[in-house]
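Report on the structure given below.
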Amino acid sequence: MPKLTDTQTIILSRAATRPGNLAMPLPDGLHGAAAKMAVTRMITNGWLEEVDADLRRGEPLWRETGDGHGTTLIATEAGLEAIGIEPVAANAVANARKAKPQKDAEPTLTTDATDVPKPISIRAGTKQAQIIALLQRPEGASIAEIVEATSWMPHSARGLISGGLKKKLGLEITSVKEQGRGSVYRIG
């Protein structure tokens, strides 16, 4: 099985948290030829599938089919398994929404800034999962507590919070200075 890139992992992880395993909208900054190439490769590997979009429910479009309808992308059972998530109903959703993609139509990419993804599923047992668990506690976690739990350097812990959790995964993390603990981070 081909190895997942960071972008492919993010797309599949976000899809796993959305109703019907919708892969749209794609991550910020992924558009144009790069988006088309990433999605085409994921469809080829069987991780994504193009299906009819339900425009009445406001599903974002991957491309228009030219007849007043459009298609969207959903994560398949194989896509969810590739990121280590047990697929619940991915196969049933995919079969119920099969679309026949037109080969000659160009994709029309849409971005919807108001669609903020929910927190995604993370593989259990990783240091990232440990840090997320610490930040989800009511008391949150300071950098010192994260360093103690992971044996990382403080700059690595801060880097994961700002780059890995906030930017890549889209988690909402707050920071509050507390007496005796310093900056305490929590997932909002």
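Data for the structure
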| item | result |
| --- | --- |
| Amide H contacts of L48 (H built 1.01 Å from N, under 5 Å, at least 5 apart or other chain) | I43, T76 |
| Translational diffusion coefficient (Stokes-Einstein; Kirkwood radius from C-alpha pairs) of the range 6-96 at 25 °C, 0.890 mPa s, in µm²/s | 188 |
| Karplus-derived HN-Hα couplings along the range 137-154 (A = 6.51, B = -1.76, C = 1.60, θ = phi - 60°), whole Hz, x at Gly and Pro | 5, x, 7, x, 8, 8, 4, 4, 5, 5, 4, 5, 6, 10, 6, 8, 7, x |
| Square roots of five times the Cα gyration tensor eigenvalues for the range 127-187, Å | 16, 13, 10 |
| Simple spin-label estimate for D67 and K166 in nanometres, 7 Å along Cα-Cβ | 4.7 |
| Under 5 Å, built H, 5+ apart or other chain: amide partners of A53 | G70, T71, T72 |
| Whole-Hz ³J(HN,Hα) from phi, Karplus 6.51 cos²θ - 1.76 cosθ + 1.60, for the range 34-51, glycine and proline x | 5, 5, 4, 5, 5, 5, 4, 5, 5, 5, 4, 7, x, 8, 10, 9, 8, 9 |
| A149 versus M37: modelled label distance in nm, points set 7 Å from Cα along the beta carbon direction | 3.7 |
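Any read-out appearing in this document is the output of simple, stated calculations on the displayed coordinates, not a laboratory observation. Here the structure is a predicted model, which is why all the values come from computation and not from measurement. FYI the Cβ positions are ideal-geometry reconstructions off the backbone, even for glycines, and counts take in every protein chain you see.
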